[in-house]
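Quick notes on the structure that follows.
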Amino acid sequence: MKTYGQFCPLAQATQLLCERWTLLVVRELVAGSTRFSDLKRGVPLMSPTLLSSRLKHLVKSGVVERSGDKGNQRYRLSEAGNELRPIIELLGVWGHRWAQSDLNAGDLDAGLLMWDMRRSVDSSIFPSQRVVVQFAYPDAPSGARDWWLISENGEVDLCLKDPGFEVDILLKSSLKAMTEVWICKKTFKVAKANGDVQITGNPKLVAKFQEWLRTSALSRLDSLAADGVA
């Protein structure tokens, strides 16, 4: 690893954390991922070899703690890593406000979008019995066009293959339109009124859909900061 050759604490911190992908790995740990497979889902374009290398470096540096036997290892932020939480959140809020993507095709990723949704939905909004929400993105790459979020007993699962259950809510949208809604570039109400998002299904569940889905965590933090709450 190249260094800045400076004793400055900022230089020391950035040479530890600012290698490509490292902060995104920390972001996933902040979001609650602990297994290697879950971390990989949050950084789908990162190779498993590079992810493993970054995790080893973070463990060696004392930012991350590793537990469990090989094949069943868990990764969690250490005390030092947890002190990065507000920094990661503030950097994300800054990016949401000042450095948002134009959402060209190169920045769209159905897998990352759905994974972020899966860990952000409020499962308490829907009844405890199984509720199946299908998302259809006709413009997504082959193999990533249909997704299912299954809410049951307070837990939410994400499936890329048809789980075989009856669908309670069907949402059809372009990948870009749904991403715009997710990062609050466009409200769900406006997207629906414009026909950018089409939603059908059980009327009672559809009425609660937006409350259930919410928006990205960083979008919510930005809203709180703008309102002077954070």
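The values are calculated or read from the model by the stated rules, or taken from the named source; none is laboratory data. Since this is a predicted model, take the numbers as computed values, not measurements. FYI the Cβ positions are ideal-geometry reconstructions off the backbone, even for glycines, and counts take in every protein chain you see.
Remarks
- When each of R74, R85, R66, R27 is tested for being closer than 24 Å to D107 by Cβ and either in contact with a helix residue (DSSP H, G or I) (Cβ under 8 Å, 6 or more places away or on another chain) or among the basic types (K, R) (or both), the lone residue that passes is R27.
- Listing of strands (runs of 3 or more DSSP E) fully contained in the stretch 124-207 that carry 3 or more residues being of a type outside the set (A, V, I, L, M), under 29 Å from H96 (Cβ atoms) and free of Cβ contacts under 8 Å to residues at least 60 places away in the same chain: 146-152, 155-159
- Within the stretch 36-77, the set of residues being part of a loop (DSSP other than H, G, I, E, B) and crowded, with 16+ Cβ neighbours inside 10 Å comprises V43, M46, V63.
- Residue among G62, G68, G81 that alone is farther than 20 Å from L16 by Cβ and not charged (D, E, K, R): G68
- Entry remark, the stretch 156-188: residues being loosely packed, with under 15 Cβ neighbours inside 10 Å and closer than 18 Å to E211 by Cβ number 1 in total.
- Top-ranked residue in the stretch 79-117 [being loosely packed, with under 15 Cβ neighbours inside 10 Å and in contact (Cβ under 8 Å) with a residue 12 or more places away in the chain; ranked as farthest from L175 (Cα to Cα)]: A80
- Residue selected from the stretch 119-174 under the condition basic (K, R) and under 25 Å from G106 (Cα atoms), by the criterion nearest to the chain's Cα centre (by Cα): R119
- Matching option when the condition is small (G, A, S), in contact (Cβ under 8 Å) with a residue 12 or more places away in the chain and either under 26 Å from L113 (Cβ atoms) or not assigned by TED's automatic domain parsing to the domain that holds I183 (or both), among S61, S67, S47: S61
- Boolean, E28 is closer than 16 Å to M114 by Cα and either modelled with pLDDT under 95 or surrounded by 15 or more Cβ atoms within 10 Å (Cβ to Cβ) (or both): yes
- For the stretch 120-132, the tally of residues that are buried (at least 17 other Cβ atoms within 10 Å of the Cβ) and not polar (S, T, N, Q) stands at 4.
- Condition broken by K161, with the remaining ones in (1) touching a Ser or Thr at 6+ places or on another chain (Cβ under 9 Å); (2) closer than 22 Å to R41 by Cβ satisfied: (1)
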